[in-house]
Amino acid sequence: MSPSRYAPIPFADVRITGPFWRERLDTVLERTIPSQHAKLAEVGILASLALPKPVPPLTIPRNSHNFTMQVFWDSDVGKWIEAASYALAHRRDPDIEAKIDAIVDDLEKAQSSDGYLNCWYNEREPENRWTNLRDNHELYNAGHLLEGAVAYVRATGKRKLLDLMERYVDHIAATFGTGPGQKRGYCGHQEIELALVKLYRLTGDKRRLALASYFIDERGREPHYFTAEALARGDDPADYWAKTYEYNQSHSPVREQTRMVGHAVRGMYMASAMADLAFELHDEGLKRACEALWRDVTTAQMYVTGGLGPDASNEGFTEPYDLPNETAYAETCASVALVFWAQRMLHLDLDGRYADVMELALFNGALTGLSREGAHYFYANPLESRGQHRRWAWHVCPCCTMNVSRLVASVAGYALSESETGVAFHLYGGFETTATIGGVSVALRETSDYPWAGDVEIAIDPEKPVAFDLKLRVPGWAGAATATVNGDDAALLVERGYATVRRRWSAGDVVALRLPMPPERLYAHPSVRMDVGRVALRRGPLIYCVEEPDNPGGAIQSLTLPRAADLAAEWRPDLIGGAVALTAAARRLTPGDAEGALYTATPPRAEPATLTAIPYYLWANRAPGSMQVWICEDLE
């Protein structure tokens, strides 16, 4: 890494002290992780690791495509281990460690002598290993188990699971590639590539990086592997239920792709791995491909909340500007994966526009997937509801449960980056770390009430005076930020979203950053037909919504917000654990015809009302009711 290249400070080296993320982290530690383990046991996922004999009947029947989601149960175990490991980095818990170790013992017994480790195939159909990469997620499962193993080592130092997974990776590397007798395959659900880069960064073994690069560059080449694979197992490729390889982004080589298509989570995982490899290999071609895909997603296919994928049928993308609200799919996993991708793009150029999207998806698209009490979830995240949406305690496909918990538990790893010449803050909200800069140990403590307030203080405490760059992200929504150093005004030159304070730092130095955080209106591109004549509300990093419990009097959809109405922000300690609410003078439409006719020549009456908006991530934590992000705007 060149001295000027920034890399994330690992999650295990950053402490969370601020109230917002501390509360979410404590909830995940105390409620989410234990309840998820109980559910994994309740539905039979943990029992499957022991390869029970006789083989039990399927818990999840095969669907019309002859597919059962049990084939990727291993991935749920891997994600739970990863989330639990991140939690252990903040607070060691002997009970959670014992639960992980018991899982590892089962996986050790399940592993084949050649290193292969997949509990579905080892239990039910060992003769069919590696015969359906398109649908059956073997490499995806391996990737999530590997990510769990890497996180567990980083959190605890325990290597047993990592050793098992390294044996499995050796088997995978011997099976796939361009050499004689190797399969030219790759997974239908991208994930292994991300895990292999993490393994490389842990061990320094460049073979792992080369394998990740192979899987990315082989994807979409002709003759198409999934076609040949289907023929080899006696299937007609034309019978593929998705009908197009765009579904899994293998329709063309990744370096030639300019539009994000297909399944949103798969696409985000793929793009994240592409950015990882561009960083590690200094690969300008992959970087350009990432930038093209980024432009497509963020200018035409992303919800205002950082949600991705409007369509449930493919859990993904359709066409530019197709962003329906009530039927939005916007899978929690997709927003989590957008956070992954944005962070990786950020480290290619240290450009704040990537950090802006990372923050947007984190606080809005992803965080809404976890309830306040920590044991109920959203899979899809609509931007409008008539009251029919409910959070669920578990899902037949529980991917989002562990994805959101592993993100919250690892959020410290997204806050700061370091290089040999400086340190950069990307997120605020109470983070502490010790970095080594120019050979000097430097303690850094960021204190704030973010995201509720934009006043940030950073205390710098080097072992001895040392010169370095302190880079402070100024979000795109913040406008004109100001700063002081030790109480004296500091001139801020903001370049690509970061203000750099360059000086020789001494113990006791304090930088204060002020980020204006007024409430504001947002308008969609006119091509987003669903949002024409509507307005969304934002304050700081948070997107707001109006929900019926705060706006009694009927369905939220009858409220209109005058364009001239002032928006006020108020801290409400009584609001779902404490939050800043937005209020404005509004109007509620009622029938203009006394008879309440379905259609009438009499316009509706507009009665005065007060509109109260809450952060979108907090919706559906109280009694069911209507909700809306995009509010009808009254131009009068």
### Mean Cβ count within 10 Å, highest first, over the residues of peptides 276-285, 623-632
623-632, 276-285
## Note on the structure
Once phi for every residue in region 507-513 is put through the Karplus expression 6.51 cos²θ - 1.76 cosθ + 1.60 (θ = phi - 60°), the whole-Hz ³J(HN,Hα) values, with Gly and Pro written as x, are 4, x, 5, 9, 10, 10, 10
### Task
Report P(r) for region 407-490: all Cα-Cα distances, bin width 10 Å, range 0 to the bin holding the largest distance, values in whole percent.
15, 49, 31, 4
### Query
Points 7 angstrom from Cα along the Cβ direction at residue 351 and residue 221: gap in nanometres?
2.9 nm
### Task
For residue 480 and residue 51, calculate 0.36 nm times their separation in residues minus their Cα-Cα distance, and state this gained length in nm to one decimal.
148.4 nm
### Query
Just one of (1) 47, 25, 22; (2) 39, 33, 23; (3) 48, 30, 21 is semi-axes √(5λ) of the Cα gyration tensor in Å calculated from these coordinates, so which is it?
(2)
#### Entry: Of the DSSP H helices in the chain, those whose Cα atoms cover at least 15 Å axially and whose Kyte score averages -0.5 or more
73-90, 94-110, 138-156, 160-175, 192-203, 206-218, 264-281, 284-300, 332-349, 399-409
### Summary
Rounded to the nearest Å, the spacing of the alpha-carbon centers of region 43-120 and region 529-545 is 41 Å
## Note on the structure
The FRET efficiency for residue 459 and residue 373, from their Cβ-Cβ distance with R0 = 35 Å and rounded to 0.05, is 0.55
### Task
Output the peptides 522-533, 128-139 sorted from most to least packed, where packing is the average of other Cβ atoms within 10 Å over each peptide's residues.
128-139, 522-533
### Query
residue 281 to residue 67: extension gain in nm, 0.36 nm per residue of separation minus the Cα-Cα distance?
73.3 nm
#### Entry: Dmax and Rg, reported as Rg then Dmax, of region 520-634 (C-alpha, Å)
14.7, 46
## Note on the structure
The simple spin-label model distance between residue 636 and residue 205, using points 7 Å out along Cα→Cβ, in nm, is 7.1 nm
### Point-charge dipole on Cβ atoms (K/R +1, D/E -1) for the chain, about Cα centre, debye to 20
500 debye
### Summary
Any residue on another chain or 5+ positions along whose placed amide H is under 5 Å from the amide H of residue 498 is listed here as 352, 474
### Query
Among 272, 540, 404, which residue has its Cα positioned farthest towards the positive end of the charge dipole of the chain, with +1 placed on the Cβ of Lys and Arg, -1 on the Cβ of Asp and Glu, and the dipole taken about the Cα centre?
272
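Computed from the coordinates by the stated procedures, all read-outs in this text should not be read as laboratory data. For clarity, every value in this text was computed on a predicted model and none was experimentally measured. Note that each Cβ is placed from the backbone with ideal geometry, even for glycine, and that neighbours are counted across all protein chains shown.
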